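S.K.: Shown below is the structure under consideration.
The values are calculated or read from the model by the stated rules, or taken from the named source; none is laboratory data. Keep in mind it's a predicted model, so treat the numbers as computed, not measured. Cβ placement follows ideal geometry from the backbone for every residue including glycine, while neighbour counts extend to all protein chains displayed. Only protein heavy atoms, including side chains, enter the accessible area calculation; ligands, DNA and RNA are left aside. Shrake-Rupley method; radii C 1.70, N 1.55, O 1.52, S 1.80 Å.
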Amino acid sequence: MSIAPDAYADVVARIARAAQAAGRDPADVTLVAVSKQQPWEAVEPVLAAGQRVFGENRVQDAMARWDGRADGLTLHLIGPLQSNKAKEAVAFFDVIETVDREKLARVLAEEVQRQGRSPRIYVQVNTGEEAQKAGVIPAEADAFIAACRATFGLQPEGLMCIPPADEPAGPHFALLRKIAARNGLAKLSMGMSGDFETAVRFGATSVRVGSAVFGVRS
Ligand SMILES: *Cc1c(COP(=O)(O)O)cnc(C)c1O
């Protein structure tokens with residue numbers, strides 16, 4: 001870890017401290033380093049320091065960056081997915097965090113069948129019910145998760161949310177945890193640069209941290 005840039009080492013240490021303070025094992029919280037829109041010079045030292053889990057918000061950008069370098073890495077798609085990119089997303093990503101509608105679930109399921117490759121799936125929940133944000137609204141989450149399982153044969157492993165920027169995140173994290181618990185889902189992807197320690201306190205199993213690791217995006 002000695003060659004890690006300070007910011008990366010600091011985020012890793014803060015996650016561990018937040019976990020310990022919450023009586024949790026730091027090993028139960030995965031750092032997804034969000035490398036979207038970052039220059040390679042910012043990403044390379046973090047990779048060299050041992051980080052192996054990265055998040056990208058666009059299929060094409062992720063493939064341009066990581067294709068041919070993805071060996072041993074775990075790549076998460078954390079941005080909205082159009083159905084017409086589902087084929088590439090299934091082929092390329094290890095985790096797709098943004099499943100939020102039946103059409104997308106259906107196309108993903110078809111690609112999983114066709115390719116024989118099953119990325120791990122998260123359902124994105126729009127906990128703040130914001131018009132501009134992707135995600136299923138909380139009132140429809142249970143039915144959508146049930147449809148993923150029964151209709152499409154997908155087995156989501158968890159839930160993902162992006163709380164409203166102008167509200168305390170805690171209640172949104174608590175809501176996501178509640179929806180996950182009542183649906184038998186173990187994984188919670190929540191928390192970004194500004195609130196990942198809060199997310200760990202509320203039970204996040206992965207945090208998606210970009211700017212605090214790599215610097216402000218251009
Ligand atoms: C960009 C992004 C992040 C990382 O945001 P930072 O504030 O830079 O940590 C996390 N999650 C999603 C879904 C994002 O699009």
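S.K.: For the subset of the stretch 177-191 comprising residues that are within 21 Å of R14 (Cβ to Cβ) and in contact (Cβ under 8 Å) with a residue 40 or more places away in the chain, which member is surrounded by the fewest Cβ atoms within 10 Å (Cβ to Cβ)?
M.R.: K187
S.K.: Looking for something basic (K, R) and either closer than 18 Å to S206 by Cβ or assigned to a loop (DSSP other than H, G, I, E, B) (or both) - is there at least one such residue anywhere in the stretch 101-117?
M.R.: Yes, that holds for at least one residue.
S.K.: Let me ask something else about it. Would you confirm whether any residue within the stretch 82-92 is free of Cβ contacts under 8 Å to residues at least 24 places away in the same chain, surrounded by fewer than 19 Cβ atoms within 10 Å (Cβ to Cβ) and of a type in the set (D, E)?
M.R.: No, the conditions are met nowhere in the stretch 82-92.
S.K.: To continue, here is another question. Starting from the stretch 40-68, keep only residues that are under 15 Å from K85 (Cβ atoms), then list their pairs with residues that are outside any helix (DSSP H, G or I) and at pLDDT 95 or above whose Cβ atoms are within a distance under 6 Å, requiring at least 6 positions of separation or different chains.
M.R.: That search, which allows pairs on different chains as well, returns E56/K36; N57/K36; N57/I78; N57/G79; R58/G79; A62/E56.
S.K.: Mind listing whichever residues of the stretch 25-50 are in contact with a helix residue (DSSP H, G or I) (Cβ under 7 Å, 6 or more places away or on another chain) and open to solvent by less than 70 Å² (accessible area, probe 1.4 Å)?
M.R.: P26, V29, L31, A33, S35, K36, Q38, A42, V43, V46, A49
S.K.: Moving to a separate point now. Which one of E167, E157 is open to solvent by 10 Å² or more (accessible area, probe 1.4 Å) and either in contact with a strand residue (DSSP E or B) (Cβ under 9 Å, 6 or more places away or on another chain) or at pLDDT below 95 (or both)? I'd like the intermediate steps shown before the answer.
M.R.: Numbers: E167 fails: either in contact with a strand residue (DSSP E or B) (Cβ under 9 Å, 6 or more places away or on another chain) or at pLDDT below 95 (or both).
Selected residue: E157, the only one of E167, E157 that is open to solvent by 10 Å² or more (accessible area, probe 1.4 Å) and either in contact with a strand residue (DSSP E or B) (Cβ under 9 Å, 6 or more places away or on another chain) or at pLDDT below 95 (or both).
S.K.: Exactly one of these conditions fails for I121: (1) surrounded by 18 or more Cβ atoms within 10 Å (Cβ to Cβ); (2) within 13 Å of the ligand (Cβ to nearest atom). Give me its number.
M.R.: Here I121 meets the rest and fails (2).
S.K.: Just checking, which of G184, G191 is among the small types (G, A, S) and more than 13 Å from the chain's Cα centre (by Cα)?
M.R.: Answer to the selection: G184.
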